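What follows is a set of notes on a single structure, which appears directly below.
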Amino acid sequence: MGGSTDTDANGRPMDDGSDATCCATPPPPGAAAAAARQAAAWRALRAGSFRLDFARREFDLDVALLELYRLPTSRPELPFERWLDAVHPEDRARAVACTEPGADAGAIAGPERWRFRRCDGSTIWVEHRGECETDAAGRIVALVGSHRDVTAEADAQEWLRSQSRAEARRAAQARGEMLAPLVHGLRTELHSILGLASAIRRHGGGRGGAPEVADAARLIEMAGEEVGDAAVELEDLARASDEDFAWRAQAVSLRAAIDECATLLRRCDARAGDRLRHEIDEHCEPVLADPAKLRRILLTLFDRLFALVEGDIGIAAKVGGSGVQLDFCDLSPPRGDAGASFARAGPAVAAPLPHEAGGDPEPGGLTACRRLARMMGGHLAVNRQAAGRWIFSLSLPRARGTAVRRQR
């Protein structure tokens, strides 16, 4: 019953390897110290590592990340749904997009940030970076990466933004205080100029008067109109916020912009949007503009056109040079007073035509639209030929790329 024992050449018993402890590979020297240093480094960075298994839909978190999330360190597993519930609702779509299997193995996702509610109820900003992991067959099986607490950075950036907004408000207030007396002085001189022109026309340019006197009165009136336009533009400048001087240029479809405005107009008047008729060829698309500012210009023009025109409004586009010109016209049947209707459009655009209102005093009016058009490299004008049916003309550059521009 006693088993035989193998011996070597000298008669000493040989070890058959039955003791598992004899075969266990000892840890490399310093491995524990290296792991401790790595954990300390993660804590110093206020970060930790994770592995998201796509098959199990479960995170494996290291101790540093468990501590960061205020989770028990005894259970490194965290279901994906439970983790997603802790992400702020406004950020969940972004978080899901960053934790889905990527198209390319090894492609690094991020950095992306979102808010995360920890187990103790506090909320932190987390910066995510990840890389897809593949199996032997090359299939993506997991996402490995890190999460870092960037709350201090996010708070500092928000403080800087608030300081910038406060500085912009102070600058706008100072600008308004500086421009107010200038506008007042211009308007005072304007009244004097227009009064002089009226006196000349009344006493020297009436029936039987010299044509030269009437022409001089007309030139004075035109100069007064230009001064009035400058005063109105200074008023717009005094009211404008810092955001009004910045625009994000991008390729914009004119047809899509007009259709969007028509949809917005139908919400106020069911028939208003249907009165717009546009013919824009593909070779006129797209233009380089700020979508929000272009929409503001178009809505303002449509509002003025609806007040001037009883029928439909036509919009045609043509390419000229490096830009595209939009022409807005009255499609209603010709009438005997078509010229008078056209003349009423002149004052609103602040063009060199006679006007009675002395400018466009309200903020966000056509004078502001002219400034917005110039800011985007375009131009807003009125057709000076009273015999024509065209009313407004808006020119914008053609899209050849995107950029962010700031003008003052």
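The values are calculated or read from the model by the stated rules, or taken from the named source; none is laboratory data. Bear in mind the structure is a predicted one, so any value in this text is a computation, not a measurement. Cβ: placed from backbone, ideal geometry, glycine included. Neighbour counts: every protein chain shown. The area values use the complete protein model at the heavy-atom level, side chains included, leaving out ligands, DNA and RNA. Shrake-Rupley method; radii C 1.70, N 1.55, O 1.52, S 1.80 Å.
Of all the residues in the stretch 368-398, those that are among the aliphatic types (A, V, I, L, M) and modelled with pLDDT of 80 or more number 8. For the stretch 107-114, the condition holds for no residue, the condition being that it is assigned to a loop (DSSP other than H, G, I, E, B), touching a Gly at 6+ places or on another chain (Cβ under 6 Å) and within 21 Å of Glu133 (Cβ to Cβ).
To keep it simple, each residue is scored yes or no on (1) assigned to a loop (DSSP other than H, G, I, E, B); (2) surrounded by fewer than 17 Cβ atoms within 10 Å (Cβ to Cβ); (3) modelled with pLDDT under 85.
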residue	(1), (2), (3)
His283	no, yes, yes
Leu288	no, no, no
Arg304	no, no, yes
Gly311	yes, yes, yes
Ile315	no, no, no
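When residues in the stretch 252-281 are screened for being over 26 Å from Gly321 (Cα atoms) and either in contact (Cβ under 8 Å) with a residue 24 or more places away in the chain or in a loop (DSSP other than H, G, I, E, B) (or both), 10 of them pass.
Put simply, of Ser241, Ser253 the only residue that is of a type outside the set (Lys, Arg), over 15 Å from Leu380 (Cα atoms), modelled with pLDDT under 80 and open to solvent by 10 Å² or more (accessible area, probe 1.4 Å) is Ser241.
Kindly indicate whether Ala93 is open to solvent by 50 Å² or more (accessible area, probe 1.4 Å), out of contact with any helix residue (DSSP H, G or I) (no Cβ under 8 Å at 6 or more places or on another chain) and part of a helix (DSSP H, G or I). So Ala93 passes the test. Within the stretch 40-62, the residues that satisfy the criterion of being in a helix (DSSP H, G or I), of a type outside the set (D, E, K, R) and surrounded by fewer than 17 Cβ atoms within 10 Å (Cβ to Cβ) are Ala40, Ala41, Ala44.
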